[in-house]
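Peer 1: This is the structure, below, for whatever I ask next.
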Amino acid sequence: MNNNLIEITGMTKVYGEDDAAVYALAGVDVQVARGEFVAIMGPSGSGKSTLMNIVGCLDHPTDGAYILDGRDVSQMTKNELADVRNEKLGFIFQSFNLLPRLSALSNVMLPMLYNADDVPDEEAEARAVASLTSVGLENRLHHRPNQLSGGQQQRVAIARALVNHPPLILADEPTGNLDSKSSVEIIDILRNLHKGGATIVMVTHEADIAAHAERVICVKDGKILSDGRDGKNHCSGLHQ
């Protein structure tokens, strides 16, 4: 088995045409091995969000190949990408993206409604309970988002990301809306997931958060400035 979960080669993303063409990504090569914890950093407009959207199968590249878990997803249709997202990816967003009228348990069960495998209700509930328990929310199963702190809402989002057991966790500014104490709690959960074998790709503009990853990829002007394989954060000093 190929040890790389992500293989991106010669990726470009162009907006506009001819003289008005803007390269959000300009020939990007990235590999992420199974079990790695990688942070992506870069100043505003660097292309890091575009890269994250393509890695998350939310957008197509203009050119280049993107192999995810052995499949070329770079030119898949929207429906095919939706299937890949549900099967292969778990998303953690800055804004949590929880449905306000649903309990924590129901929010975590949602991804299983779209699972290609028809998960029986009892199994779906059991898996959701186990996922919430794994992030320390076994006593908040029936609380709605407005009854939870920001840190607790993000833990619900993490539990939701884990419930289908995806091979890749994508965290987009996961501590951006949290206070310092909650940020530490969320990073601790991510680090424990990584220790347990999870592959995590995280976008962050905070150097102290990125420092918890084992590798920092620095993006600037649509290109990889450095991929951090030497363990150093080469984004330090850049305006975030």
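The values are calculated or read from the model by the stated rules, or taken from the named source; none is laboratory data. None of the values given here were measured: they were computed from a predicted structure. Every residue, glycine as well, gets a Cβ built from its backbone with ideal geometry; the counts of neighbours run over all protein chains shown.
Peer 1: Looking at segment 164-180, I want the residues that are in contact (Cβ under 8 Å) with a residue 24 or more places away in the chain and have a partner that is part of a loop (DSSP other than H, G, I, E, B) and among the acidic types (Asp, Glu) with Cβ atoms under 6 Å, at least 6 apart or on another chain. Which pairs are those?
Peer 2: Within 6 Å, the pairs are Pro167/Asp69.
Peer 1: So, of the residues in segment 67-91 that are more than 17 Å from Val201 (Cα to Cα) and hydrophobic (A, V, I, L, M, F, W, C), which turns out to be modelled with the highest pLDDT?
Peer 2: Out of the qualifying residues, it is Val73.
Okay, residues lined up against (1) of a type outside the set (S, T, N, Q); (2) surrounded by 19 or more Cβ atoms within 10 Å (Cβ to Cβ):
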residue: Tyr66; (1), (2): yes, yes
residue: Gly70; (1), (2): yes, no
residue: Asn79; (1), (2): no, no
residue: Leu98; (1), (2): yes, yes
residue: Leu113; (1), (2): yes, no
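Peer 1: Here's another thing I want to ask about it. What's the total number of residues in segment 19-58 that are part of a helix (DSSP H, G or I) and under 26 Å from Thr77 (Cα atoms)?
Peer 2: The qualifying residues number 8.
Peer 1: Which residues, taken from segment 181-207, are farther than 27 Å from Arg71 by Cα and without any contact (Cβ under 8 Å) to a residue 60 or more places away in the chain?
Peer 2: Answer for segment 181-207, where residues must be farther than 27 Å from Arg71 by Cα and without any contact (Cβ under 8 Å) to a residue 60 or more places away in the chain: Lys181, Ser182, Ser183, Val184, Glu185, Ile186, Ile187, Asp188, Ile189, Asn192, Glu206.
Peer 1: Where in segment 147-213 are there helices (runs of 4 or more DSSP H), lying fully within it, with 2 or more residues that are surrounded by fewer than 17 Cβ atoms within 10 Å (Cβ to Cβ)?
Peer 2: 180-195, 207-210
Peer 1: If you scan segment 1-10, which residues turn out to be without any contact (Cβ under 8 Å) to a residue 60 or more places away in the chain, at negative phi and not in a loop (DSSP other than H, G, I, E, B)?
Peer 2: Correct list: Ile8, Thr9.
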